[in-house]
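Asks: The structure under discussion is supplied below as structure tokens; questions concerning it will follow.
Every number here is computed from the coordinates shown, using simple stated rules; none is lab data. This one's a predicted model, so the numbers in the text were calculated from it and none came from an experiment. All Cβ positions, glycine included, derive from the backbone under ideal geometry; neighbour counts span all protein chains shown.
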Amino acid sequence: MNTQEIQAVGALCVLAAMADGEMREREREHVRTAFEGLGEGEEARALAAAYRRTMLGQTSVEQEARAITTPQVRRYACEMAGAVGDANGHHGEAETKFLEGLRVALGLDAEESAALV
């Protein structure tokens, strides 16, 4: 993954956590865990920028999906966002709607997306 894709995946995870209007601690932990080990380098700074941009409402699912150029990272983004959305043990209506929009924005088919989340 390049820095742009790391930032996009991070933003999509935050958007998934906020799909129901608030980010709960378990969702926050899943976002944090998804990117542990990146250290203090360029990737960590990119994630911090993605988090800030997302929390300030300066991005969208569609914008972040366009930043991901490879099929492997598109699938990874879907899987990571699904894990964040499921942090509470289930996908509620808001998370389900978010994940469907993400699937469409990433250009994944329904069957492939269902296997990832």
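Asks: Where in the stretch 72-107 is the amide nitrogen less than 12 Å from a point lying 7 Å along the Cα-to-Cβ axis of Glu29?
Replies: Output list for this probe position: 87-89.
Asks: Remind me, relative contact order of the chain in percent, using alpha carbon pairs under 8 angstrom and six or more residues apart?
Replies: Working: 123 pairs, mean separation 44.4, N = 117.
So the answer I get is 38 percent.
Asks: Taking a ≥ b ≥ c as the square roots of the eigenvalues of the Cα gyration tensor of the stretch 1-83, is the shape rounded (a/c under 1.5), prolate (a/b larger than b/c) or oblate?
Replies: On the way: a/c = 1.32, a/b = 1.15, b/c = 1.15.
Because its axes are fairly even, with a/c under 1.5, the stretch 1-83 counts as rounded.
Asks: Taking the Cα centre of the chain as origin and charging only Cβ (+1 Lys, Arg; -1 Asp, Glu), how large is the dipole, in debye to the nearest 20? Can you show the working numbers first?
Replies: On the way: 12 positive and 20 negative charges, 63 e Å.
For the chain, the charge dipole is close to 300 debye.
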